[in-house]
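What follows draws every value from the coordinates through simple rules; no lab data is involved. This is a predicted model, so every value here is computed, not measured. As a convention, Cβ positions derive from the backbone with ideal geometry for all residues, glycine included, and neighbour counts pool all protein chains shown.
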Amino acid sequence: MPERRTAQKAAVMNVLAEADAPLGVQEILDLASQVTPSISQATVYRVLKSLLKKQTISLVQLPGETPLYEMAGKHHHHFFRCRTCRQMYEVQGCDELIQRLLPDNFTLEDHEVFLFGLCANCRR
Ligand SMILES: [Zn+2]
Ligand SMILES: [Zn+2]
C-alpha cells in the first residue's frame, strides 16, 4: 500500500529531523513506532537505505559502534560519546589545528573526530 509506505517513511524522517544526536536503527524504530505502530525493523532498514541513496540522511560510523543515522546537510560538527551512559552528543564547531597536523604539501579533504569521556550528568 503506497500510502502506508509514505507514512512510514515520513515517520522515520521526522524521528531523524527531531533528534539532537544521531540514532541507531533500534532507537529509530522505537520512536517511529510511537507514531506509526505498524512499522517494522525491516521497514526502517529499507527506508534508511533509500534515504541514504538520495542523500537525505547520512551515515555516522564510529569506531566499534553500530551504524547511526542523521539528517544530511547539517553544518560541520562532531560527536561526543559518554562512556558511562552511552549517550551521544553533537559537538558544535571544529578546531583549525587539525589542518596544521598535515605535513607540508598535503591537502586535507575531510576528517572525522570522535570525542569520548564523561558527560555532565555522569560526572555528578
Ligand atoms: Zn553520561
Ligand atoms: Zn571538524
_For F114: the one exception among (1) closer than 16 Å to G24 by Cβ; (2) without any contact (Cβ under 8 Å) to a residue 24 or more places away in the chain; (3) of a type outside the set (D, E, K, R)_ = (2)
*In the stretch 74-106, what count of residues is obtained for those that are in a loop (DSSP other than H, G, I, E, B) and within 16 Å of ligand 2 (Cβ to nearest atom)?*
9
*May I ask you to list pairs of residues, at least six apart or on different chains, whose Cβ atoms are under 6 Å apart, with the first in the stretch 89-100 being within 14 Å of F114 (Cβ to Cβ) and the second being near ligand 2 (Cβ under 10 Å from one of its atoms) and of a type outside the set (V, I, T)?*
E90/H77; V91/H78; C94/H76; I98/H111
*For the stretch 39-46, indicate whether the set of residues that are under 29 Å from R124 (Cα atoms) and surrounded by 15 or more Cβ atoms within 10 Å (Cβ to Cβ) is non-empty.*
no
*Assess whether C122 counts as being closer than 25 Å to L23 by Cβ and assigned to a loop (DSSP other than H, G, I, E, B).*
no
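Looking for whichever is surrounded by fewer than 10 Cβ atoms within 10 Å (Cβ to Cβ) and either within 14 Å of ligand 1 (Cβ to nearest atom) or within 16 Å of the chain's Cα centre (by Cα) (or both) here; the options are R123, R81, R100. Which one fits? Show your work before the answer.
On the way: R81 fails: surrounded by fewer than 10 Cβ atoms within 10 Å (Cβ to Cβ); R100 fails: either within 14 Å of ligand 1 (Cβ to nearest atom) or within 16 Å of the chain's Cα centre (by Cα) (or both).
After ruling out the rest, the residue left standing is R123.
Could you check the stretch 45-77 and list, in sequence order, the residues that are of a type in the set (D, E) and more than 19 Å from S33 (Cα to Cα)?
Here is the first cut: in the stretch 45-77, the ones of a type in the set (D, E) are 65, 70.
E65, the sole residue that qualifies.
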*Taking F106 and the conditions (1) without any contact (Cβ under 8 Å) to a residue 60 or more places away in the chain; (2) under 18 Å from G24 (Cβ atoms); (3) more than 14 Å from ligand 1 (Cβ to nearest atom), which numbered condition does it fall short on, given that it satisfies the others?*
(2)
*Single unsatisfied condition, L59 versus (1) assigned to a loop (DSSP other than H, G, I, E, B); (2) in contact with a Pro (Cβ under 7 Å, 6 or more places away or on another chain)*: (1)
*Residues (in contact (Cβ under 8 Å) with a residue 40 or more places away in the chain and within 29 Å of R83 (Cα to Cα)) located in the stretch 38-64*: I57, L62, P63
